[in-house]
Amino acid sequence: MHQWRQLNELNILRFSVVLELFFGVTGILVALLSGSNAVLLDGSYSLLCMLTMMANVRISRLVKLPAAANTPYGYPTLEPLMLFLEGIILLGLCLTLLGFSVYKLYMGGYTPEFDLALAYEIFSSIIGGATATVFFLLHRSKPSPLIYFEYQEWLVDASVSAAAAVAFSLAYLLGNSNPITPYIDSILTLSLLLFLIRLPLKTLQKNFKQLLLLDIAVPELHKQAREAIAEKRISIPDKNLNINMIWIGRWLWVNISIQVHSNTPPSSADLKAIRTITESIVSSASRYYRIMLTLNFPEQ
């Protein structure tokens with residue numbers, strides 16, 4: 001197994017915080033020296049991402065805590081809630097960048113000092129792109145909603161930097177006297193953001209569904225659980241067994257409802273077998289899961 005797959009989620013998020021802090025501070029310094037508003041926005045975005053990542057470090061600890069007397073269900077909803085809020089922030093930033101680009105186009109564009117700004121954006125796009133790739137591979141190796149959100153932030157960050165680098169390169173080649181030069185940065189940034197804005201929209205949609213308890217697990221999991229229970233030849237009829245699975249952050253919540261139509265409830269052996277079989281199925285889909293068994297006694 002590759003060594004990077006052994007990395008702890010908390011250490012990954014901490015590394016992301018430090019790297020974003022570096023790009024945020026250097027971006028603002030370069031912006032002040034070059035007079036580039038695009039670099040200033042890039043650096044401000046990195047600082048904004050750093051703040052959300054710091055919150056994710058805290059959330060990463062809380063969502064893994066077991067249930068306790070004062071928190072009988074743990075903290076599973078904190079993860080989709082935080083990601084929903086961060087999606088709003090990221091969407092707001094994208095809309096701000098869109099508005100800024102439209103405003104600059106309307107005002108006739110602008111021409112910053114390109115040398116230092118170009119060097120920064122090239123460096124930022126290379127490191128940001130490499131970091132986004134690593135985070136994507138880490139998420140595929142050990143799925144984590146927080147790591148996936150960090151991947152999205154780094155992808156947006158690297159893409160914005162790459163667009164700025166292309167814009168500055170073209171402007172540098174054309175020269176400040178060319179009438180097209182003042183519009184290059186705004187046009188490329190606007191085009192890129194129209195494409196990238198789907199990322200925060202997707203994050204908002206998914207986590208809003210989870211907060212409403214509507215993010216239902218794939219039908220294959222339900223099918224596997226029902227078939228495995230049927231093969232065990234448990235005395236409970238299949239029509240009296242109802243299985244629901246939903247995602248709340250990284251947690252897979254499973255509710256097994258059993259209709260009891262007689263005075264004799266299912267035996268403890270049957271209930272234990274149902275739980276064991278279901279656990280073997282859902283554990284292959286997620287490391288974090290909770291299984292609840294409920295008995296319903298409908299009125300005769």
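Side notes on the structure shown:
- Those residues of segment 106-118 which are touching a helix residue (DSSP H, G or I) at 6+ places or on another chain (Cβ under 8 Å) and either at pLDDT 80 or above or not small (Gly, Ala, Ser) (or both), in sequence order: Gly108, Tyr110, Thr111, Pro112, Glu113, Phe114, Asp115, Leu116, Ala117, Leu118
- Taken over segment 73-91, the criterion of being more than 21 Å from Leu214 (Cα to Cα) and open to solvent by 50 Å² or more (accessible area, probe 1.4 Å) is satisfied by Ile89 alone.
- Selection status of Asp115, of a type in the set (Asp, Glu), surrounded by fewer than 21 Cβ atoms within 10 Å (Cβ to Cβ) and outside any loop (DSSP other than H, G, I, E, B): yes
- Flag if Glu121 is within 12 Å of the chain's Cα centre (by Cα) and either part of a helix (DSSP H, G or I) or at positive phi (or both): no
- Each residue in segment 256-274 was checked for being part of a helix (DSSP H, G or I), small (Gly, Ala, Ser) and surrounded by 12 or more Cβ atoms within 10 Å (Cβ to Cβ), and 1 of them qualify.
- Filtered residue count, segment 131-156, keeping only those that are within 21 Å of Lys64 (Cα to Cα) and open to solvent by less than 10 Å² (accessible area, probe 1.4 Å): 7
- Odd one out for Ala67 among (1) open to solvent by less than 30 Å² (accessible area, probe 1.4 Å); (2) over 26 Å from Ser124 (Cβ atoms); (3) of a type in the set (Gly, Ala, Ser): (1)
- Once segment 49-64 is narrowed to residues that are assigned to a helix (DSSP H, G or I) and open to solvent by 50 Å² or more (accessible area, probe 1.4 Å), the residue that is farthest from Leu10 (Cα to Cα) is Leu51.
The values are calculated or read from the model by the stated rules, or taken from the named source; none is laboratory data. Quantities reported herein were computed from a predicted structural model and do not represent experimental measurements. Reconstructed Cβ throughout: ideal geometry from the backbone, glycine too, with neighbour counts over all protein chains shown. Ligands, DNA and RNA are excluded from the accessible area calculation, which covers all protein heavy atoms including side chains. Shrake-Rupley method; radii C 1.70, N 1.55, O 1.52, S 1.80 Å.
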